[in-house]
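Below: the structure, in structure tokens.
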Amino acid sequence: MFNALRLSTVEEAYADLRHRTLSKIQGNFARLIYLASTRDYNSARYFHSGLADRFSPEIAAKALELAHREVFRELVSASLENLAHELELYMRSTRENPADFFRAWQAVEPFRVVVPVDTHPTSAALFISNVSFALEVLRSNLKLPQDH
């Protein structure tokens, strides 16, 4: 599919996405959550109505996929300290009570579904492990009790 799309058009859509949408979302973890939310759980296809209207559904999907992979790459290589900071930014943006946030994230582990499709299994496992550790670092920094 990607070969059939003009690279410059995908790059234009990607730049549009970064400028109009992603630049308004604070932190890469929040961006990762947002980008993963544009992917259908049943088909793994990405969709963004504004981007699809400006370009086409196919080009918008490719731009979203590229952005998702880029943000994921940045986070998978982030230090534990930086990842904990990104998680704190995201947690604060949700306006959830931190204890409730940690309880839900420990029980449901929503960070597992934000990994891009076809990510190398080692990268996916590293990301999941790092997020788990970063959550514990953040919990400790916030002095929240450990749930058992």
Original post:
Got a number for residues in segment 109-124 being over 13 Å from L135 (Cα atoms) and either among the aliphatic types (A, V, I, L, M) or free of Cβ contacts under 8 Å to residues at least 24 places away in the same chain (or both)?
Top reply: 10
**OP:** Determine which single condition A134 fails, assuming it passes every other condition in (1) closer than 26 Å to A13 by Cα; (2) touching a helix residue (DSSP H, G or I) at 6+ places or on another chain (Cβ under 6 Å).
**Re:** (1)
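Quick one: which residue in P110, P116 is within 14 Å of the chain's Cα centre (by Cα), at pLDDT 95 or above and within 25 Å of A44 (Cβ to Cβ)?
So the residue among P110, P116 that is within 14 Å of the chain's Cα centre (by Cα), at pLDDT 95 or above and within 25 Å of A44 (Cβ to Cβ) is P116.
Every residue, every condition in (1) more than 14 Å from the chain's Cα centre (by Cα); (2) assigned to a loop (DSSP other than H, G, I, E, B); (3) not aromatic (F, W, Y), yes or no:
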{"site": "E12", "(1), (2), (3)": "yes, no, yes"}
{"site": "R18", "(1), (2), (3)": "no, no, yes"}
{"site": "Q26", "(1), (2), (3)": "no, yes, yes"}
{"site": "F29", "(1), (2), (3)": "no, no, no"}
{"site": "N42", "(1), (2), (3)": "yes, yes, yes"}
{"site": "G50", "(1), (2), (3)": "yes, no, yes"}
Original post:
How do the helices (runs of 4 or more DSSP H) wholly within segment 52-148 filter down when requiring 1 or more residues that are among the acidic types (D, E) and surrounded by 13 or more Cβ atoms within 10 Å (Cβ to Cβ): which remain?
Top reply: 57-76, 80-94, 121-141
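The values are calculated or read from the model by the stated rules, or taken from the named source; none is laboratory data. A quick note: this is a predicted structure, and the numbers were derived from the prediction, not measured. Glycine gets a Cβ as well: all are built from the backbone with ideal geometry, and neighbour counts include every protein chain shown.
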